[in-house]
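The values are calculated or read from the model by the stated rules, or taken from the named source; none is laboratory data. Please read these numbers as outputs of a predicted model, since none were measured by experiment. Cβ placement follows ideal geometry from the backbone for every residue including glycine, while neighbour counts extend to all protein chains displayed.
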Amino acid sequence: MRFSRLCVVTLLAAAALLVPSSARATQVTCEDVRVPVTAGLLPATMYGRLCTPHGAGTVQVLIPGGTYNGSYWDIAYTPETRSFRLAMNDAGYATLAIDRLGTGQSSKPLSALLTATVQANAVHQVIQTLRPRFSKVIVGGHSIGAAMAMIEAGFHHDVDGVLVTDMTHRMNYITVVPVLAQMIPAPLDPQLGGRGLDAGYLTTAPGTRYTSFHAPGPDVPGAIAFDESTKDVFATTEAIDTIALTTVVIPASAQINVPVLLVVGSGDSHFCGLPLGSDCSSAEALRQSESPYFAPAAQLRTYLLDGYGHSINYAPNAPDFHQAVKDWLQTLG
């Protein structure tokens, strides 16, 4: 009898080890959120997908980059590797992956009405709706979304931390300009042409996303196909104050008074590579390159994801990036 009980216990323990970590994680509830905001003086709605583990006290408000929507933060191709949302939820953090105005399920005003500041102000309004529900709010962004996160935090001082990914304050125009030159007006795109957007909205030409956002990382057909199928737009006017408000002249980041983690791929030729780009030869070199743009209160930390380009959530080693974020979040209390 004792032997039988021992066998049962052993089998149950072995079975528990075989259960995926996501299945063992705290139960997560996901819901669609639509927040009334303003785009300049006009009413609009910002959409997001809020996923909350039971008992979560911290929420991350996640802003996608140009030609991306909220799906960037919850990649459905091998999500156990590439879904930032899943990784954070499994660690007990809530996430709100938003669609920037003009993209996804958010309102789509005339492109000329959208700037990085308008987007940041809309995110601020979203954050205000979350404050009563969570004790800590982190704002994070990818690429141009990271600029919006810094503008939001620097202007409104309503968050407890800032996650900057796939962007530095030194843009490598030698590689960025050719990528922008390949963009096409959204009305001319076979995939997005039916949305009724004006020509001030741009997107990537079909079949160009690997070279634009993933090289020199591995060309994984399934991952790139998902990226192509979920691509979105950006308004040309969003880029104007992004550049102005992230330069050394008037960097919004200098006004941030909470901890900042900055992460880029070591192969991101859009923001890495001297003399124009940042020094991405090591995490410490990147920190020294970026420190002049932040106040001491930012307690700037940096992390380099080895071997990938601009959209690091798609990297096969994205879990290393996700772990770096979780380690940083633990330092915030």
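Summary table
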quantity: Residue count, the range 272-289 (criterion: of a type outside the set (Lys, Arg) and touching a strand residue (DSSP E or B) at 6+ places or on another chain (Cβ under 6 Å)); calculated: 6
quantity: Residue within the range 127-139 that is closer than 19 Å to THR242 by Cβ, at pLDDT 95 or above and under 12 Å from the mean Cα position of the chain (by Cα) present; calculated: yes
quantity: Residues satisfying the stated conditions in the range 54-64, i.e. in contact with a Phe, Trp or Tyr (Cβ under 7 Å, 6 or more places away or on another chain) and either in a strand (DSSP E or B) or of a type in the set (Val, Ile, Thr) (or both); calculated: THR58, VAL59, GLN60, LEU62
quantity: Residues satisfying the stated conditions in the range 186-210, i.e. of a type outside the set (A, V, I, L, M, F, W, C), over 22 Å from SER107 (Cβ atoms) and within 25 Å of the chain's Cα centre (by Cα); calculated: THR204, PRO206, GLY207, THR208, ARG209, TYR210
quantity: Test for THR236: is it touching a helix residue (DSSP H, G or I) at 6+ places or on another chain (Cβ under 6 Å) and either within 20 Å of ARG170 (Cα to Cα) or surrounded by 16 or more Cβ atoms within 10 Å (Cβ to Cβ) (or both); calculated: no
quantity: Answer from ALA285, ALA324, ALA318 - the residue that is over 17 Å from PHE84 (Cα atoms) and out of contact with any Leu (no Cβ under 7 Å at 6 or more places or on another chain); calculated: ALA285
quantity: Filtered residues of the range 288-306 (kept if farther than 18 Å from ASN172 by Cβ and either touching a Gly at 6+ places or on another chain (Cβ under 6 Å) or crowded, with 18+ Cβ neighbours inside 10 Å (or both)); calculated: PHE294, ALA298, LEU300, TYR303
quantity: Meets criteria (surrounded by fewer than 24 Cβ atoms within 10 Å (Cβ to Cβ), more than 18 Å from the chain's Cα centre (by Cα) and either in a helix (DSSP H, G or I) or aliphatic (A, V, I, L, M) (or both)) for GLN323; calculated: no
quantity: From GLN60, GLN27, residue being in contact with a Leu (Cβ under 8 Å, 6 or more places away or on another chain) and among the polar types (S, T, N, Q); calculated: GLN60
quantity: Among the residues listed as PHE213, PHE271, the single one being at pLDDT 95 or above, crowded, with 16+ Cβ neighbours inside 10 Å and under 21 Å from ILE75 (Cα atoms); calculated: PHE213
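Here is a yes/no grid of residues against (1) under 21 Å from GLY161 (Cβ atoms); (2) at pLDDT below 95; (3) among the small types (Gly, Ala, Ser):
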site: PRO36; (1), (2), (3): no, no, no
site: ALA39; (1), (2), (3): no, yes, yes
site: THR45; (1), (2), (3): no, no, no
site: PRO53; (1), (2), (3): yes, no, no
site: ALA56; (1), (2), (3): yes, no, yes
site: THR67; (1), (2), (3): no, no, no
site: TYR72; (1), (2), (3): yes, no, no
site: ILE75; (1), (2), (3): no, no, no
